[in-house]
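Notes to accompany the following structure.
The values are calculated or read from the model by the stated rules, or taken from the named source; none is laboratory data. Bear in mind that the values here come from a model prediction, so they are computed numbers and not experimental data. Ideal geometry is used to build each Cβ from the backbone, glycine not excepted, and the neighbour counts take in all protein chains shown.
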Amino acid sequence: IVLEAVRRNREVLRFASAELRAEPMLQPESARNNHIASTGALAPAGVVTSLTRIPGQAQIEVNLAWLDGQEMMLTCGGGSTVGHLAALAAKERRVGFVFLLMPGG
């Protein structure tokens, strides 16, 4: 709830507890750069169907199958996180947020 509030209005963080105000993921810049959809959000959902390390490179090829039938392949740096993948997918889909379903949970 707090993440969604900070995404909409960065000033609301001042009303949160000191513990929440200190949380790095809730800092306005982090919240703005987080493209993982929250529960109840209207956002496209994609399933990560494969992750393949590209031989000889520090990159990973990620294949996504979206629930609307679209498929896409994205390339992430070797040190990328799910957050980086969500940002790439959201940019490619031209949306603010995405749901990502990962193999094995």
Inset, instruction - Kindly check whether there is at least one residue in region 48-63 that is under 28 Å from VAL2 (Cα atoms) and surrounded by 15 or more Cβ atoms within 10 Å (Cβ to Cβ). - result: yes
Inset, instruction - Kindly indicate whether any position in region 23-39 is within 24 Å of LYS91 (Cβ to Cβ), without any contact (Cβ under 8 Å) to a residue 12 or more places away in the chain and in contact with an Asp or Glu (Cβ under 7 Å, 6 or more places away or on another chain). - result: no
Inset, instruction - Hey, can you tell me all the residues within region 56-90 that are without any contact (Cβ under 8 Å) to a residue 12 or more places away in the chain and under 15 Å from ASN33 (Cβ atoms)? - result: THR81, HIS84
Inset, instruction - Answer yes or no as to whether ALA16 is surrounded by 15 or more Cβ atoms within 10 Å (Cβ to Cβ) and either at pLDDT 90 or above or under 23 Å from LEU101 (Cα atoms) (or both). - result: no
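Can you say whether THR81 is of a type in the set (Val, Ile, Thr) and surrounded by fewer than 12 Cβ atoms within 10 Å (Cβ to Cβ), as far as the supplied structure shows?
So THR81 fits the description; yes.
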